[in-house]
Amino acid sequence: MRPITILTGAGISAESGIATFRDPGGIWAQYDIEDVATPQAFARNPELVFDFYNMRREKVRGAKPNAAHHALGRLQKSWPGPVHIITQNVDDLHEKGGAKVIHMHGQHSTALCAACGHRWPAPPAMDLHDPCPDCRQPATRPDVVWFGEMPYHMERIGEILERTALFVSIGTSGAVYPAAGFVRLARAAGAETLELNLEPSEITPLFDTSRHGPATELVPAWVE
Ligand code: BJW
């Protein structure tokens, strides 16, 4: 059976109560990207950046996976071929919904040492002065990918996209690269492409088919 590749964004977790970035009232309506989501912001004001991520990690801790996460977990277990799920989300709702996923923008659940690259389970409140458990440097940072940084697992993702037969994008605005360019790569490899999103996105015209509505309705309907 030919491989399926699924890219998810903040929209898949919206109905679990996790804010998206670019919807009205979303995260970027409350915070400036330049204040919290660049390496320069972290260098300038690490306490603000830690507060931002500690607050978001706390919200995720109490969140439950929704029908869309569960449907993808079922699909990954039941489909006779590979189902690769690449998420831009830093929450753990795919895992809680029973799926194994590639976190291209990192995760709330781990901390990263900026000095030696060691990762460890994130404490509830992370702080710059927490020493790395491996090299002991006080160089703790959130294990997330900020603007200007290279997303994780790009080599593996490139290989997956080259081999995919069907590419499905769920709940992402298509505003952020390189993820927004995956549909072009999949098309170039000969894949069929499908977008499932609340509303038309910036990259809707690039898909063979687009369906619009909430992920908790569209995703289970597509999977079953
Ligand atoms: C629902 C729903 C429901 C709502 N049901 N749907 C000019 C051109 C091209 C690129 C660049 C450029 N200038 C700069 C760049 C590069 C830059 C970039 O893309 N900038 C853009 C602003 C233009 N990118 C980078 O810097 C990246 N790195 C990079 O490019 O490295 C070099 C490289 C070169 C070559 C190959 C590879 C790499 C890094 C980007 C890092 C992004 N980081 C963030 C923060 C992560 C940590 C955190 O969570 O805090 O990632 S920003 C934020 O945006 C987060 C998200 O993962 C990402 C995408 O957002 P997403 O998921 O799409 O959310 P929204 O809110 O935008 O959309 C939600 C959608 O859901 C909407 O459409 C809703 O309608 C829908 N929805 N409810 C279904 N119920």
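Which whole-angstrom value gives the distance between the alpha carbon centres of segment 1-47 and segment 138-206?
Going from one Cα centre to the other spans 14 Å.
Please give me, ordered by residue number, the trypsin sites (Lys or Arg not before Pro) of segment 64-171 that lie in loop per DSSP and have at most 14 other Cβ atoms within 10 Å.
When the trypsin sites (Lys or Arg not before Pro) of segment 64-171 are filtered for loop state and at most 14 Cβ neighbours within 10 Å, K100, R136 remain.
Tell me which of V90, L166, F52 sits at the most positive position along the dipole axis of the chain, charges placed on C-beta atoms (Lys, Arg +1; Asp, Glu -1).
The listed residue farthest towards the positive side: L166.
Under 5 Å between amide H atoms, partner at least 5 residues away or on a different chain: which partners does I85 have, H built in plane at 1.01 Å?
Those lying under 5 Å, H to H, from I85 are I6, I102.
Return the loop-located GluC sites (Glu not before Pro) in segment 153-202 (DSSP other than H, G, I, E, B) with at most 14 other Cβ atoms within 10 Å of their own Cβ; answer none if there are none.
The qualifying sites are E202.
Using the C-alpha gyration tensor of segment 1-63, what are the square roots of 5 times its eigenvalues, in whole angstrom, with the largest one first?
In descending order, the three semi-axes are 26, 15, 13 Å.
If you place +1 on the Cβ of every Lys and Arg, -1 on the Cβ of every Asp and Glu, and leave all else neutral, what size is the dipole of the chain about its Cα centre, to the nearest 20 Debye?
Magnitude of the dipole: close to 580 debye.
How do the peptides 207-214, 5-12 rank, highest first, by the average count of neighbouring beta carbon atoms within 10 Å per residue?
Output ranking for 207-214, 5-12: 5-12, 207-214.
Using only alpha carbons, build the gyration tensor for segment 80-141 and give me the equivalent ellipsoid semi-axes, biggest first, whole Å.
After scaling each eigenvalue by five and taking roots: 28, 12, 9 Å.
Once Rh for the chain is found with the Kirkwood sum over Cα pairs, what is the Stokes-Einstein diffusion coefficient at 25 °C and 0.890 mPa s, in µm²/s?
136 µm²/s
Read-outs: derived from the displayed coordinates by stated rules, not from any lab. The structure displayed is predicted, hence computed values, not measured ones. When we count neighbours, we look across all protein chains shown, and the Cβ atoms used for this are built from the backbone with ideal geometry, even at glycine.
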